[in-house]
Amino acid sequence: MTGNGDTVNAAISSSITDATVTVAQAELLLALESFDDTYTISDSLAGLGGAAEGTLEGAVSVTLADDITNLDEAANVTAYEAITEIDTIVVSGDLADYDAADAVLADADTVNIDDADLDATDAAAIVAISDAAAGDVVYGLVDDIADLDLTDADILATVAGASTIATEAGAANTVETVEALIAAATNASAVSYDLDDSIAAITTASDAVYDGATAVTLTDGDATVGQLSILVERGFDVDDINVSGTAAQVTEALTDLAEMRDGEDNDDGVLTVTDNVTVEASVAVAEAMTADDGNYYTNYTLRDTAAALDAADNNTLAISQGVTVTTGDYTDSAAVLAIENFGSTTVEAIVDDADVLAGGAANIDWSAVGDVSTGDDSADLDEAGQLMV
């Protein structure tokens, strides 16, 4: 709280936005003729004990907020008990400064243990303070999950009462151990941890467990189609994951499976189809089924854009039992139609300028083409024949 006294006194009225003020600040406010606002006091025992008459009485509420070292003697207790305007007591300090026998613990509304490195070895001392305190005991824990033995009564109680829990960075924690910790940490507003576990475990982990992880490491590289879809949804790089599933599962998840081939040199993962049913695949998915390790699944047709098909590797094209071009310009579509090794080839749509289409009319089998679009105008096959004249 700052300001120029003369300026404030000249005001018709003045108020404050501070949530709390000290006794000294309250007395400065009360000295201003223009001050007509309410105020709430939070101060140490020394500050409250030195308040002028009327200062504490005029406050909306009064909080005694002090270090345990200033409140742990019998004389301190006698002193604050004499200040009848006190509504709330907040005590703070390091664990080593507390004693379960401190009388103020029975009076305090909040007891803050300020150490930044409390761990399982402090559990018994924390429990003793918590048992003696009438109000909330606020503290954070920092430790490996492996050291937080939840079968130990003191550690379990300490975990349950902690406001925050931060596990050691880089420690390998499984989904199972993290779930047990979160279940025990019933008072914690935040639990931080790393996760290291199998794809099966990570993909079945709850959103709460997964989203709370600082870092996640997969300990294996084999997934079902369904598991891969969850990995993609959760933002994993799946280039090196090996995936297996039925043709129906593969066809249902083409968009997710395409992430196995989402950039240059990202071809380590292999897609295995576990039955012999035809898959209608995109180029990216087909390339995952015809990987360089000799995994050649031949029972598939291709369905993709002309540009993707024209850029596909030779093995993927050669093995395909048929091709459907979803859309493309004349150049790419004509290039795909010119490839002779497909079982069948159709082009659902060609989109290009009219003069380009007319110029190439003699070089393409228009019977294999569906709709033709020229700018904003579309033509069916009959109209396309007139267009190409």
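Summed over the range 227-237, the residues that are under 13 Å from Thr217 (Cα atoms) and modelled with pLDDT of 90 or more give a count of 4.
Please work out if Thr214 is within 30 Å of Ala157 (Cα to Cα), among the β-branched types (Val, Ile, Thr), touching a residue at least 24 places away in the same chain (Cβ under 8 Å) and part of a loop (DSSP other than H, G, I, E, B). Reasoning before the result, please.
Details: within 30 Å of Ala157 (Cα to Cα): yes; among the β-branched types (Val, Ile, Thr): yes; touching a residue at least 24 places away in the same chain (Cβ under 8 Å): yes; part of a loop (DSSP other than H, G, I, E, B): no.
Considered against the rule, which asks whether it is within 30 Å of Ala157 (Cα to Cα), among the β-branched types (Val, Ile, Thr), touching a residue at least 24 places away in the same chain (Cβ under 8 Å) and part of a loop (DSSP other than H, G, I, E, B), Thr214 comes out as no.
State yes or no: is Thr186 outside any helix (DSSP H, G or I), of a type in the set (Ser, Thr, Tyr) and either over 26 Å from Asp67 (Cβ atoms) or within 24 Å of the chain's Cα centre (by Cα) (or both)? Yes: the conditions hold for Thr186.
Among the residues here, Leu195 qualifies as within 20 Å of Ile145 (Cα to Cα), crowded, with 17+ Cβ neighbours inside 10 Å and of a type outside the set (Val, Ile, Thr).
Table: residues versus (1) assigned to a loop (DSSP other than H, G, I, E, B); (2) of a type in the set (A, V, I, L, M); (3) within 25 Å of Asp136 (Cα to Cα); (4) in contact with an Asp or Glu (Cβ under 9 Å, 6 or more places away or on another chain).
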| site | (1), (2), (3), (4) |
| --- | --- |
| Ala24 | no, yes, no, yes |
| Leu29 | no, yes, no, yes |
| Asp37 | yes, no, no, no |
| Leu48 | no, yes, yes, yes |
| Ala52 | yes, yes, no, yes |
| Thr55 | yes, no, no, yes |
| Thr69 | no, no, yes, yes |
| Ala75 | no, yes, yes, no |
| Ile83 | yes, yes, yes, no |
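Inside the range 187-211, can you point out the residues that are free of Cβ contacts under 8 Å to residues at least 24 places away in the same chain and closer than 14 Å to Ile230 by Cα? Correct list: Ser198, Asp207, Asp211. How many residues are under 25 Å from Ala123 (Cβ atoms), of a type outside the set (A, V, I, L, M, F, W, C) and in a loop (DSSP other than H, G, I, E, B) when one looks only at the range 85-103? Number satisfying all stated conditions: 4.
Okay, residues lined up against (1) exposed (fewer than 15 other Cβ atoms within 10 Å of the Cβ); (2) of a type in the set (D, E, K, R); (3) at pLDDT below 95; (4) closer than 26 Å to Ala52 by Cβ:
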site: Ala75; (1), (2), (3), (4): yes, no, no, yes
site: Tyr80; (1), (2), (3), (4): no, no, no, yes
site: Thr84; (1), (2), (3), (4): yes, no, no, yes
site: Ile89; (1), (2), (3), (4): no, no, no, yes
site: Gly93; (1), (2), (3), (4): no, no, no, no
site: Ala101; (1), (2), (3), (4): yes, no, yes, no
site: Leu105; (1), (2), (3), (4): no, no, no, no
site: Asp109; (1), (2), (3), (4): no, yes, no, yes
site: Asp114; (1), (2), (3), (4): no, yes, no, no
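The sole residue among Val138, Val104 that is under 26 Å from Gln25 (Cβ atoms) and within 34 Å of the chain's Cα centre (by Cα) is Val138.
Would the range 165-182 turn up any residue that is on the phi < 0 side of the Ramachandran plot, touching a residue at least 12 places away in the same chain (Cβ under 8 Å) and in a strand (DSSP E or B)? Yes, the range 165-182 contains a residue that is on the phi < 0 side of the Ramachandran plot, touching a residue at least 12 places away in the same chain (Cβ under 8 Å) and in a strand (DSSP E or B).
Every condition in (1) in a helix (DSSP H, G or I); (2) free of Cβ contacts under 8 Å to residues at least 12 places away in the same chain holds for Ala106 except the one numbered (2). Among the residues here, Val62 does not qualify as under 24 Å from Gly161 (Cα atoms) and surrounded by 14 or more Cβ atoms within 10 Å (Cβ to Cβ). When Val175 is tested against (1) modelled with pLDDT of 95 or more; (2) within 23 Å of Thr121 (Cβ to Cβ); (3) under 17 Å from the mean Cα position of the chain (by Cα); (4) not basic (Lys, Arg), only condition (2) is not met. Residue pairs whose Cβ atoms lie under 9 Å apart, sitting 6 or more positions apart in sequence or on different chains, and linking a residue in the range 17-40 that is farther than 17 Å from Glu53 by Cβ to a partner that is exposed (fewer than 12 other Cβ atoms within 10 Å of the Cβ) and among the small types (Gly, Ala, Ser), are Leu32/Gly5; Ser34/Ala10; Ser34/Ser13; Phe35/Ser13; Asp36/Ser13; Asp37/Ser13; Thr40/Ala19.
Suppose we keep only residues that are part of a helix (DSSP H, G or I) and not aliphatic (A, V, I, L, M) within the range 119-164. Which one would you say is surrounded by the most Cβ atoms within 10 Å (Cβ to Cβ)? My answer is Thr158.
The values are calculated or read from the model by the stated rules, or taken from the named source; none is laboratory data. This one's a predicted model, so the numbers in the text were calculated from it and none came from an experiment. When we count neighbours, we look across all protein chains shown, and the Cβ atoms used for this are built from the backbone with ideal geometry, even at glycine.
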